Amino acid sequence: MIDYRSDTVTRPTPGMLAAMNQAVVGDDVFGEDPTVNKLEKMCAALFGMPAAVFCPSGTMTNQIAIKCHTQPGDELICDTLSHVYQYEGGGIAFNSGVSVRLVNGSRGRITADQVLESINPVDVHKPLTTLVCLENTANRGGGSCYDFNDIQLIREACSEKKLGLHLDGARLFNALVARNESPLRYGEVFDSISICLSKGLGAPVGSLLIGDTPFIQRARRIRKVFGGGMRQAGSLAAAGIYALENHIARLAIDHEHAQLIAAAWRKKSFIGDIFPVETNIVIFEVSNSYTAPQLAVKLKEHAILAIAISPKIIRMVVHLDIHELDVERTLEVIGKL
Ligand SMILES: *Cc1c(COP(=O)(O)O)cnc(C)c1O
């Protein structure tokens with residue numbers, strides 16, 4: 001099977017497994033796992049921020065960030081398609097008692113003007129707006145990337161209105177590679193950044209929340225409360241270090257593969273709109289002959305897995321375990337449909 005359902009399906013490479021086996025470990029809840037400590041320092045330095053905390057999942061790092069930035073009864077602003085709202089089980093309400101002001105952005109990206117329009121007036125009737133959450137790349141936007149200028153304008157709006165600014169950067173490295181940007185600039189404008197090691201970077205588990213020292217101290221407390229304190233987590237951290245050292249630059253290959261796949265679909269009469277492909281995600285509409293689930297079944301008959309994310313829309317995600325020969329086979333199959 002050539003599995004395009006998600007970039008989470010990757011398995012550790014032999015090099016990564018060797019690094020995991022050799023990891024020196026300790027009890028991370030006591031702060032004594034040297035490999036976890038190394039990964040946290042490495043990620044903080046990468047973004048030029050003071051501190052970081054290693055967590056089991058990107059959902060947890062986002063939810064901890066929201067908890068640390070808000071008080072119950074506050075409101076946060078995010079795009080309608082955002083992961084924090086759509087795919088974290090209602091955690092914003094459940095964990096933080098916070099309401100959400102949804103913004104209809106462009107393929108998952110919002111603007112400073114939209115942020116300013118969405119801030120509640122200071123009025124006892126209204127929840128207090130305290131946080132903005134951005135997502136880069138935007139998953140449901142088809143892996144779309146922000147223009148850094150737009151992020152800077154949002155930063156200025158947040159500073160002026162005294163709002164926190166969090167980045168869900170589960171696929172931030174895809175954006176950095178696609179736009180040839182430095183992580184340091186992201187560290188300068190966000191109050192907190194969440195990154196995932198288990199998406200395109202290919203680690204089995206893990207996410208980091210990055211921010212200033214008092215914020216990360218509070219985040220460690222919340223991580224424990226949420227049940228995310230891990231003990232000898234160094235083997236997992238070693239996979240993350242290996243991924244950061246070896247799997248960032250190669251994301252460009254995934255992006256090229258995604259372009260080839262989109263180009264093959266574009267030639268098919270039964271395919272409608274294809275979202276512009278900016279990184280490793282291809283999202284397209286099936287116009288006639290098939291529903292999206294029917295096309296997914298058809299692909300499966302040819303040993304290709306894709307996800308129907310709605311009755312008319314299919315998502316394919318390219319990653320580390322999709323090799324050049326897999327892409328060639330995929331193009332052949334699409335050609336013959
Ligand atoms: C995958 C993902 C996350 C985190 O998901 P986990 O499976 O909990 O690690 C967060 N945000 C976005 C945009 C994602 O795609």
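Residues LEU128, LEU46, LEU184 in ascending order of nearby Cβ atoms (within 10 Å, fewest first): LEU184, LEU128, LEU46. Within the shell defined by Cβ-Cβ distances under 9 Å, the residues around CYS78 carry a net charge of -2, with Lys and Arg each +1 and Asp and Glu each -1. Counting charges near SER287 (Lys, Arg +1; Asp, Glu -1) among other residues having Cβ under 9 Å from its Cβ returns a value of -1. Between the alpha-carbon centres of region 317-337 and region 153-208 there is a gap of 30 Å. Charge tally around THR130: other residues with Cβ under 13 Å, Lys/Arg +1 each, Asp/Glu -1 each, net +2. Here the chain is assigned +1 on the Cβ of each Lys and Arg and -1 on the Cβ of each Asp and Glu. Its dipole about the Cα centre then comes out at about 560 debye. Is the shape of the chain best called rounded, prolate or oblate, per the rule: a/c under 1.5 gives rounded, else a/b larger than b/c gives prolate, else oblate, with a ≥ b ≥ c the square roots of the Cα gyration tensor eigenvalues? Here the chain falls in the oblate category. Peptide packing: for 201-210, 228-237, the average count of neighbouring Cβ atoms within 10 Å per residue gives the ranking 201-210, 228-237, highest mean first. Taking 32 Å as the limit for the C-alpha separation, the pairs LYS224/LYS312; LYS67/LYS199; LYS162/LYS312 exceed it in the case of LYS224/LYS312; LYS162/LYS312. The Cα center of region 209-279 and the Cα center of region 72-136 differ in position by 22 Å. Within the chain, the cysteines lacking any other cysteine Cβ closer than 4.7 Å to their own Cβ are CYS43, CYS55, CYS68, CYS145, CYS158, CYS196.
Shape class of region 71-125 from the Cα gyration tensor (axes a ≥ b ≥ c, square roots of the eigenvalues): oblate, since a/c reaches 1.5 or more and a/b does not exceed b/c. Cβ crowding within 10 Å, taken as a proxy for footprinting-reagent exposure, orders ASP27, ASP273, ASP254 from fewest neighbours to most as ASP273, ASP27, ASP254.
Computed from the coordinates by the stated procedures, all read-outs in this text should not be read as laboratory data. Computed from a prediction, not measured in an experiment: that's the story for all the values here. Please note: Cβ atoms are built from the backbone with ideal geometry, for glycine as well, and neighbour counts cover all protein chains shown.
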